[in-house]
Amino acid sequence: MKVSVKEIKQCACGAEIIVLRKRGSRNKCKKCLLRTISKAWRKAHPDRCRQLKRESDARNRETKRIRERARHAAHPERAAFRMANWTKSNPERAKQLQAEYRKRNHDKLLARYAERHYKKRLTLWSNKEEIAKIYANARILTKITGIEHEVDHIVPLKGKYVSGLHVEDNLRVILRYDNRAKSNRFPITAPNA
């Protein structure tokens, strides 16, 4: 079967269009034609599009997170710019999300605060993950018992006679009352004679 080419046109995207029949000439290639049809369908069915997007996001949530983290790591300045713009345009939602984050990650925030506050006493060999776990344990004990617990420095950071470091081996979880009563004292016991 011989097919005679009637005409060759060029699409707006740069692709060549071969017109085989004279039953109405196309001005778009297949990709552009499908794109136009899809756009028209999306405009006519916005609710269905939102539903399909939600379903797709639910199926591919983890993959999407991985891609977003990679993109943020590759272009941190763009991510910061986007986040700042979003926060400016959605201040109420941003406040709500920040409050939820603070509620969920209270122990992490306390560990970060402690890290900044005790920066001079933080060493290169201190294990930040272990320190964060100790703060998390204090939060868990508070939730379980209903009695406030705090992270205490066994050897105080600014003691009268001795000063300690902000490292995992110098931290323990005790009752808030006991921590406040101890203050920055370190009990020095005399050796047995």
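From the list 131, 144, pick out the single residue that is within 29 Å of the chain's Cα centre (by Cα), under 18 Å from residue 112 (Cβ atoms) and either of a type outside the set (Ser, Thr, Tyr) or surrounded by 13 or more Cβ atoms within 10 Å (Cβ to Cβ) (or both).
Checking each option against the conditions leaves just 131.
If a residue has to be in a helix (DSSP H, G or I), free of Cβ contacts under 8 Å to residues at least 40 places away in the same chain and more than 17 Å from residue 173 (Cβ to Cβ) to count, how many in region 110-127 make the cut? Can you show your working first?
We begin by selecting, within region 110-127, every residue in a helix (DSSP H, G or I); these are 110-117, 119-121.
Still in the list and also free of Cβ contacts under 8 Å to residues at least 40 places away in the same chain: 111-113, 116-117, 119-120.
Keeping just the survivors that are more than 17 Å from residue 173 (Cβ to Cβ) gives 112, 116-117, 119-120.
Going through region 110-127 one residue at a time, the tally reaches 5.
Within region 100-159, how many residues are among the polar types (S, T, N, Q) and out of contact with any helix residue (DSSP H, G or I) (no Cβ under 9 Å at 6 or more places or on another chain)? Please lay out each step first, then the result.
Here is the first cut: in region 100-159, the residues among the polar types (S, T, N, Q) are 105, 123, 126-127, 137, 142, 145.
Those still in the list that are out of contact with any helix residue (DSSP H, G or I) (no Cβ under 9 Å at 6 or more places or on another chain) too: 105, 123, 145.
Of the residues in region 100-159, 3 are among the polar types (S, T, N, Q) and out of contact with any helix residue (DSSP H, G or I) (no Cβ under 9 Å at 6 or more places or on another chain).
Is region 139-157 home to any residue that is in contact with an Asp or Glu (Cβ under 6 Å, 6 or more places away or on another chain) and touching a residue at least 24 places away in the same chain (Cβ under 8 Å)? Please lay out each step first, then the result.
Just the residues of region 139-157 that are in contact with an Asp or Glu (Cβ under 6 Å, 6 or more places away or on another chain), to begin with: 139, 142.
Then drop every residue that is not touching a residue at least 24 places away in the same chain (Cβ under 8 Å), which leaves 139.
Yes, because at least one residue in region 139-157 is in contact with an Asp or Glu (Cβ under 6 Å, 6 or more places away or on another chain) and touching a residue at least 24 places away in the same chain (Cβ under 8 Å).
Restricting region 140-174 to residues that are at pLDDT 85 or above and touching a His at 6+ places or on another chain (Cβ under 6 Å), which is farthest from residue 107 (Cα to Cα)?
170
Is region 163-182 home to any residue that is in a loop (DSSP other than H, G, I, E, B) and among the basic types (Lys, Arg)?
Taking region 163-182 as the starting set, the residues that turn out to be in a loop (DSSP other than H, G, I, E, B) are 163-167.
From the residues that got through so far, the ones that are among the basic types (Lys, Arg) too are none.
No.
The values are calculated or read from the model by the stated rules, or taken from the named source; none is laboratory data. As the structure is a prediction and not an experimental result, all values here were calculated from the model. Here the Cβ is made from the backbone with ideal geometry for all residues, glycine too, and neighbour counts use every protein chain on show.
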